[in-house]
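**Q** Here it is: the structure, laid out below.
Just so it is clear, none of the values below were taken in a lab; they were calculated from the coordinates. All of these numbers come straight from a predicted model, not from anything done at the bench. No Cβ is skipped: glycine too gets one built from the backbone with ideal geometry, and neighbour counts run over all protein chains shown.
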Amino acid sequence: MLQGWRVLESAARTAAARFDAALRDPAAAQTALLERIVAANLDCEFGRAYGFAAIDSLAAFRQSVPIAGYADFAPAIDRIANGAAGVLTSAPVVAFEETGGTTTGAKLVPYTAASLVAFSQAVLPWLCDLAIRRPAIKEGRAYVSISPVLRPPRSTRGGIPIGQGSDAAYLGPGLADALVSTLAVQPAVAASATFEDWHAATLSQLIAAGDLAFVSVWSPTFLLELINAIPANAEAIAARLPPDARLRLEASLRPPSIATERLWPRLACISAWTDASSGVYAARLRHLFPQAAVEGKGLLATECAMSVPLGGIDGAVPALLSAVLEFVGSDGTPHLSDALEVGRTYDVVVTTDGGLYRYDIGDRVACVGRDGSVPRLRFVGRRGVHSDLVGEKIDEGFAAAVIERLGIVATLAAHAGSPVRGIKPHYELWLNEDIPDTSTTVMAAERLLSANPQYAYARSLGQLGDVVVLFKPNHVERRAHRLMMSGRRLGDIKPVSLLNATTGEPVSGCGSH
């Protein structure tokens, strides 16, 4: 076992013991976490405005603090970014992370030191469980891809960093060196000057790692894009490799595909999204990597961790020590996790150490089973008109703004792609009227969509394909006719700016996370 894995496993076992104790009484664990968050923020502006000093129970918290979305927190977050202190939390905001999901295409999520530690309270128990069930992952190096590449360091106007300096921040303090010592691809690759440099360095270091034992990515399309690029770039990659790795590469080439079991015979496990629209791409990973188990991740967003995959079974357990998790049923009633019913779906509302209180995160989960008082949850999609093919999070308002800026009558349609046919996930512009110059429209659409940092990131990595312009006259009217024939009143049918390209309907639940 690599020494770095020994250090990580030791820390993971300690965190797992705490998490196991929480799982024995989920309601008590969540109540204790809420009490701590409220007590820690009595004196911040939000705490004073919402009477934290008088809150002595979950019921009182719910009565005092309404469920809110990002737009409700945005003015306070802007002030923090500009240098204001003590706004949403008493503790200082140490960093922001940028993500998509709003009408403007980007949002800043605040992190305190405590909210970073909260991520580790989900990640480390998962790592401990995985190491116990699949011990072979510790016998070689790992490829871990979390943070965006090709993004220069930035700060807000108030001097707060945007983005984490190291992915190890999500593992908790003191584990950065241990993580780095296990990696097949070194963090310095992320500082490559161009995408081509990053791509070449990543592939050459990956292929050179004949002892690769574990891969952790978010969207499976990320890994598929890397592997699918090997045959076409084999000659250039081989020039960077030591002799033994060059021989393995040559033995693995089966144009137009590749035999990954010859490149990485010791690869034991791949961790990636497997739920919602990622399912078809996870199946492709299983086909491409017959030597490795492909396991799903828990539900983790930029704002917080929400579930932890344990046991290698369907569904993940609530991340009880990472955020206060409320689950809102179809009747609008919020529940803690111990009250969830198998077979029902719920919208997730979170309260975090980072200053998001009863925050409607927009994710929907299904309760697919129970282990005593602990539910098992599966992510089923984003609520509402919202597309998230590979993590880009484009919503209806942002799509409408893009189309308005283009100055054409069109609809944006999310196409999930087809791994069998070699079609990447991508966006289509459905035009009501033909136009003479589609190339200019495509360029303008790409520029406007790239105002969303997750979209720009996915495009730079090749996870998303080019925008495609299609002439689809009267598609809005045809949809309205279908709805009218199904019993909807024509006056109640509103045109939408964002559709599922396959169904022609709004993209409710379209995507992963």
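**Q** Between S271 and residues 5 or more places away or on another chain, which pairs have amide H atoms under 5 Å apart, with H built 1.01 Å from N, and which residues are they?
**A** V215, S216, V217, E295
**Q** On to the next question. Pairs of alpha-carbon atoms within less than 8 angstrom and 6+ residues apart define the contacts here; what relative contact order does the chain have, in percent?
**A** Details: 1049 pairs, mean separation 81.5, N = 513.
The normalised contact order for the chain reaches 16 percent.
**Q** Using only DSSP helix segments of four residues or longer, with each worth -39500 (n - 2.57), what per-residue ellipticity at 222 nm results for the chain after dividing by its residue count and rounding to 500?
**A** When only DSSP H runs of four or more count, the value is -10500 deg cm²/dmol.
**Q** For a Förster distance of 30 Å, can you work out the FRET efficiency between the beta-carbons of E341 and A39, rounded to the nearest 0.05? All intermediate terms of the calculation are to be shown ahead of the outcome.
**A** Details: r = 32 Å, r/R0 = 1.06.
For R0 = 30 Å, the calculated efficiency reads 0.40.
**Q** From the backbone phi of region 412-419, what are the Karplus-calculated ³J(HN,Hα) couplings (6.51 cos²θ - 1.76 cosθ + 1.60, θ = phi - 60°) in whole Hz, Gly and Pro given as x?
**A** Listing the rounded values in order: 8, 10, 8, 10, 6, x, 8, x Hz.
**Q** Could you check the simple spin-label distance between A21 and A74, using points 7 Å along Cα→Cβ, in nm with one decimal?
**A** 4.2
**Q** Measure out, as a whole number of angstrom, how far apart the alpha-carbon centroids of region 253-309 and region 341-362 sit.
**A** Taking the Cα centre of region 341-362 as reference, the centre of region 253-309 is 27 Å away.
**Q** Post the alpha-carbon centroid distance, region 198-228 to region 33-56, in whole angstrom.
**A** 45
**Q** Taking θ = phi - 60°, what integer Hz values does the Karplus form 6.51 cos²θ - 1.76 cosθ + 1.60 yield along region 451-463, in sequence order, with x for Gly and Pro?
**A** Once rounded to whole Hz, the list reads 5, 7, x, 5, 5, 4, 5, 5, 5, 5, 8, x, 6.
**Q** List every residue whose amide H lies under 5 Å from the amide H of G369, counting only residues 5 or more places away in sequence or on a different chain, with H placed 1.01 Å from N in the peptide plane.
**A** Those lying under 5 Å, H to H, from G369 are G343, R376.
**Q** Hey, can you grab everything whose amide H is under 5 Å from the amide H of S155? Only 5+ residues off in sequence or another chain; H modelled, so Pro and N-termini drop out.
**A** I162
**Q** Return the sequence-ordered ³J(HN,Hα) values of region 435-449 in whole Hz as given by the Karplus equation 6.51 cos²θ - 1.76 cosθ + 1.60 applied to θ = phi - 60°, using x for Gly and Pro.
**A** The phi angles translate into 10, x, 10, 6, 5, 5, 5, 4, 4, 5, 5, 4, 5, 5, 5 Hz.
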